Each structure stands twice: as structure tokens, then as C-alpha cells.
Amino acid sequence: MTNKELADLIFPDITKTVADYEALYPERDLSENAKVTRYAPSPTGFMHIGNFLAAIIDYVIAKNSGGVFFLRNEDTDQAREVEGAVEYIRHVLEHYKLNPDEYEYKDTLEQKGSYGPYIQSKRKEIYHAFIKHLIIEGKAYPCFMTQEEMDAAREAQTKDKRRIGIYGKYAKYRYISNEEAAERINNGEKYTIRLRSEGDFNRKFKFNDLANGEMEFPENDIDIPIMKSSNLLPTYHFAHLVDDHLMRTTHVVRGQEWMSSVPIHYELFKTFGFKMPKYVHIPLILKKDGDKVRKISKRLDPEARMTYYEEKGYPIYAVIEAIMTIANSNYEAWREGHPDADFTEFEFSPKKMSKSGALFDLDKLDNISKNYLSRLKAGEVFDLLDTYTKEYDKDFNEIINKYKEYTINVLNIEREQKKPRKDYASLSEIKNGIWYMYNELFTNVEYNFDTKFSNEDIKEILNTYFNDYYNESDDKDTWFNKMKEMAEKLGYCTNMKEYKENPDNYKGSIAEVSNVIRIAVTSKDQSPDLYEILKLLGKERVLNRIKNI
Ligand code: GLU
């Protein structure tokens, strides 16, 4: 029985050849420097920050070079597929505006690009044509090993302190005749297809990873499975070969954990005589935990999941900046020189990735975000807050929209100045900073006046100020002069230096007087500029609050 006959028995309906597919998906017509990258998630869970790092790097490499960034759904492990995972991946890419040039969404039948299908489960025929080719060439074979046989091999290898895997004498079915294989298949025995490896573990080859530099690996000699028996879909390794070849990927950006599979991929590409893409194996994301540094973990760290950043309301700009900062060590310096440039103008350099792990720091993100939000116009912050609260705080959303102009003015306090306030790292923090500006929220408040003042002192300050001095149309200088005049009249010191030297000569300082007023109208002992707050609250609200106290 010939190999061809065996191949036809296994794949009777596959008539297209590797050459047919090569012709169907020709080299892309792009300029010489253009890079083709792909983000290739498995929809088996919710997006981890490490996946996002890969997606960003893919995106920036493609966009910076005028190339193509595409999305491929690696759904060959259907038992582990998580409902909603694909939708979430799409959502994240859209939210951060990392829109792929080519993609395909199963349920919506939306597709863009001529190198598809972009969903692996829809590419079965293509994989089978490639596998059939290998069987005809004698480079792949059906393997009938049962789970028990596999376990026995593993046990023997462990006992003999040998490498684990199906190679050499452990590759039992590598040597059976085509007749025997056909008979077993006809008898309905279960099988996988394995590569008939031609590698020699004692031989080494050189491999150049763009991030990690030149490395040496022993050749692969394991007859790895290339097709799973359960659903006849390819294993990751084989799908990587077929897809990244036919989709004409130039740069594979993927997690460090795939590094150890490089020998397999090297052999697969060599077997077909295809050019390997370039590889960028990206580091793990680390975080500080006390004085230790450890891998960021989906289980322990909420910030490991991309949902965290949206729930908190971090602006997309800040998240991308924070990730770019850990992606490339020279990004921050570049940003300083190009404050207004889009991040895709940055030329990503894989060599400048950390090899030992990328340290992600939430404080850094907060800083970036505070700076960013402080530089926006109040109206822009309002729009972000509007979008955010629509999703996460409907009640507050109603309030800010009911008083839209007022809210914009509130957000504008101490904004249009050389050094604007940096109160908020995320949109979820804004409510906590401005709720007291709305009567709807200013209910059941607690006032924590400084205990050194008696109720009488407080009453005296409030009554004097609001009966004799307060005028809502005063300008800032007048307002301030009046505060001083009143403080002096009531026995408070208006000169902080003098007060520090002789505190016992006074009831307190002017700062304390204004804090009494601040607490009375906001309930907080810290706030942005009191003059602005009084002005925005307006006479009616202010006097009502004083009356209530
Ligand atoms: N589906 C693989 C994963 O999610 C992709 C790895 C790759 O980018 O090649 O880990």
C-alpha cells in the first residue's frame, strides 16, 4: 500500500494541495519594510494583561511600518472555550482602538481581509491538505497509542531518567506498515496524526529571537501530534505553521512560554521548505509584592485582567502609555520628545524589551493617568465621565447630565492654569471628588469640624461670614480681603508665620477659619479652591447648607 493510498483513506475528500493554497494566498503586496503581525488569542478565558501587551506590540509594529495587523481566533481547543471570550476580545480591541485590518467574527458573519478564514475551526480542510501532503511524503503517520500506552511510555522514561515524549523507540506506530495502519483505521481505532520527526536531539541549530537575541536549541526529535483525534483539528504547532505561512505573517509576537516550542516550529517550517517568520517572545509581566517581585497573576491580582481598567475607568490613553512603557525601555524618553504623537509613531524595538520580565506598576499608571486627565479640557473630561458613568453608575450619570454646564464648570476648577490639579487617576474617582456639589447627593452628611473649635466658635464664624461678609458676586480679591478682615475681627491670625510663632495669642488661624466654611458647605476638610466652590454652588445652595447646619 502506498503512502498516497493511506493518505486518501484518511482524507478521502481532500483534493486541494499545498500548492493550491499557496496560490490562493499569495505573498502580500506590501512595501519592503511593511510588517504583518497577528494577534492570535485562544478564547479560553478573559483577556490577561499579558495578552494585551502582545496585542499592543503587534499593533504598533504593524502600524509603524505601514503593514497589516490581523486577528485570528485560535479556537481549536473547543472543550476549553469560554462563552463570551471572543466578544470580549473584540470589545477590548475596539475600546483601545486597536482595530485589526483583517478579522472574522463567527456569529456576526463579519469578515474583512482576503487571507481568511480567520477562525481556526473553519480552516479544517486547509490543515488536512497540509497533513495529507506530509503523509504522502512519508513525513507524518497515524498513531494509535492509547492513553495507557502513553502513560506506560512516560513511566518508563521517568524511571530510566530519559526525556519525556514520543520519539525513537517510544514512537511505536512510526514503524508499522501502511497496511497495518489502514486495517486499524478500517477497524475504527482512534488515532492522532504525528509528525515523523527527522530531527536529531544531539544536533543543535541557531535561532534568532528578535527580543532575546541569538540562541541555540537542540533539534526536535519528538513525533509531535499535529492533528487531534477528538475533533480532527490541528495542534497549536501545526496551526501556527499553516496559518502564519498562508496568512503571510512576518512577525510572530507571543508569550515567552512558547519559546521552548521553537525547535518544533523550526522543524515544521523546514519540513515544508517555508521561510520562518521572525519571532518576538515577550516577557512575563511582573509586579512588586511587598519587597518581592513576582509574576502578575489572574487569581491574585485584579489588575491582571483587562476588565479591571475599564471598570475603574482608566482612560485608554493612560493604559496604552503604561503598557508601552513596560514594553520598551526607551518609550518614556521618546514620549518626552514627542508629547503629542500617536503611540504608533514610536518605532518599537524588540531588543529593548526586558528579558527577565516586564515590571508593571499601578502607581505609574496612576501617574500617567493623573497627568493626562489634568491636561484635558473640562468638557473632554465630562464626555469621558459621561461614557463611563453610563455603564457603571447610572444615577450619577443622570445627575451630571441634568446639570451638564454646571458639572463642566465644577470639573474646570483649577484646571485652566499652568499647573492644573491632578486629582483623578481614573473616572471612578471623580464622583468621590465632586459629589458634594450636588444637592441630590449632599444628604445625610457628616461634618467633622476640628475639635479644637466649640460649636459656639463655629456658629460665630458661619454667622458672621454669611450675615456680614458673604456676597456671591465678589471677585476673588474682594472675597479674600473680606475673609482676612473677618478673621482679624474674630480674633484669628491672618499671618501664618506669625501664627506659628505665637499660636497662643489667637483663637486660630485664617486657614482654620476658611476650613470651617469649607466643611460647612462641602463637609470635607480638603477641596479645590474654596472661592470657586462657593461661587459655583451659588447663593441659594450655600445659604441652605448653612441653615441646615
Ligand atoms: N493561541 C495562542 C495563545 O493564546 C497564541 C500564541 C501565538 O500568538 O502564537 O497562547
Note to self: Whole angstrom only: what separates the Cα centroid of the stretch 257-279 from the Cα centroid of the stretch 516-532?
What the structure shows: 65
Next item on the list: Work out the P(r) tail for the stretch 321-477: percent of alpha carbon pairs separated by more than 21 Å, whole number.
Entry: 64
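Can you put H95, H237 in order, fewest other beta carbons within 10 Å first?
Values: H95 13, H237 19.
Least crowded to most crowded, the residues run H95, H237.
So what is the relative contact order for the chain, in percent, with contacts set as C-alpha pairs under 8 Å and at least six apart?
Values: 743 pairs, mean separation 65.2, N = 549.
Answer for the chain is 12 percent.
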Check: Between the DSSP loop rule and a limit of at most 16 other Cβ atoms within 10 Å, which GluC sites (Glu not before Pro) in the stretch 301-357 are left?
Finding: E347
Next item on the list: Set Lys and Arg Cβ to +1 and Asp and Glu Cβ to -1, take the dipole of the stretch 273-419 about its Cα centre, and tell me which of A318, Q417, P283 lies farthest positive.
Entry: P283
Check: Which loop-located GluC sites (Glu not before Pro) does the stretch 28-125 contain, where loop means any DSSP state but H, G, I, E or B and the Cβ has at most 11 other Cβ atoms within 10 Å?
Finding: E32, E83
Notebook entry, point to check: When the dipole is taken about the Cα centre of the stretch 319-403, and only Lys, Arg (+1) and Asp, Glu (-1) are charged at their Cβ, what size is it in debye, to the nearest 20?
Noted result: 260
Item checked: For the stretch 1-31 and the stretch 446-514, distance of Cα centres in Å -> 87
Margin query: Nearest 500 deg cm²/dmol is fine: what mean residue ellipticity at 222 nm does the chain get from its DSSP H runs of n ≥ 4 alone, each adding -39,500 (n - 2.57), divided by its residue count?
Written below: -13000 deg cm²/dmol
Check: Angle between the Cα long axis of helix 316-327 and the longest principal axis of the chain, 0 to 90 degrees, nearest 10?
Finding: 60
Item checked: Centre separation in Å (Cα based) which lies between the stretch 148-183 and the stretch 97-142 -> 30
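How compact is the chain by the rule of thumb for globular proteins, expressed as Cα Rg over 2.2 N^0.38 Å?
Cα Rg divided by the expected 2.2 N^0.38 Å: 1.37.
Let a ≥ b ≥ c be the square roots of the eigenvalues of the Cα gyration tensor of the stretch 81-152; is it rounded (a/c under 1.5), or, if not, prolate (a/b larger than b/c) or oblate? Write down the numbers at each step before the final one.
Details: a/c = 3.58, a/b = 1.83, b/c = 1.96.
Since a/c reaches 1.5 but b/c is at least a/b, the shape of the stretch 81-152 is classed as oblate.
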Checklist line | Spherically averaged projected area in nm², based on the convex hull that wraps the Cα atoms of the stretch 374-414 | finding: 2.6
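How fast does the stretch 79-237 diffuse by Stokes-Einstein, in µm²/s, taking the Kirkwood radius from C-alpha pairs at 20 °C and 1.002 mPa s?
Details: Rh = 19.0 Å.
The diffusion coefficient I find is 113 µm²/s.
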Note to self: To test your reading of the geometry: what angle, between 0 and 90 degrees and rounded to tens, separates the Cα axis of helix 49-64 from the longest principal axis of the chain?
What the structure shows: 80
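What's the exposure ranking of D151, D107, going from fewest to most Cβ atoms within 10 Å? Don't skip to the answer; put the middle values down first.
On the way: D151 11, D107 7.
Starting with the residue having the fewest Cβ neighbours, the order is D107, D151.
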Item checked: Charge dipole magnitude, Cβ of K and R +1, D and E -1 - the stretch 105-235, Cα centre, debye nearest 20 -> 140
Item checked: Coil-residue GluC sites (Glu not before Pro) of the stretch 432-483, DSSP, other Cβ within 10 Å capped at 13 -> E440, E446, E472
Check: Which angle between 0 and 90 degrees, to the nearest 10, do you get for helix 455-464 versus the longest principal axis of the chain when only C-alpha atoms count?
Finding: 80
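With charges only on Cβ, +1 for K and R and -1 for D and E, what is the dipole size of the stretch 439-511 about its Cα centre, in debye, rounded to 20? Mind showing how you got there, number by number?
Details: 9 positive and 16 negative charges, 46 e Å.
Computed charge dipole of the stretch 439-511: roughly 220 debye.
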Check: Which listed residue (F346, T407, A239) has the Cα farthest towards the positive end of the charge dipole for the chain, taking +1 on Lys and Arg C-beta and -1 on Asp and Glu C-beta about the Cα centre?
Finding: A239
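Every number in this text was worked out from the coordinates using simple rules, so none of it is lab data. Quick caveat: nothing in here was measured; it's all calculated off a predicted structure. Note that we place each Cβ from the backbone using ideal geometry, even for glycine, and neighbour counts take in every protein chain shown.
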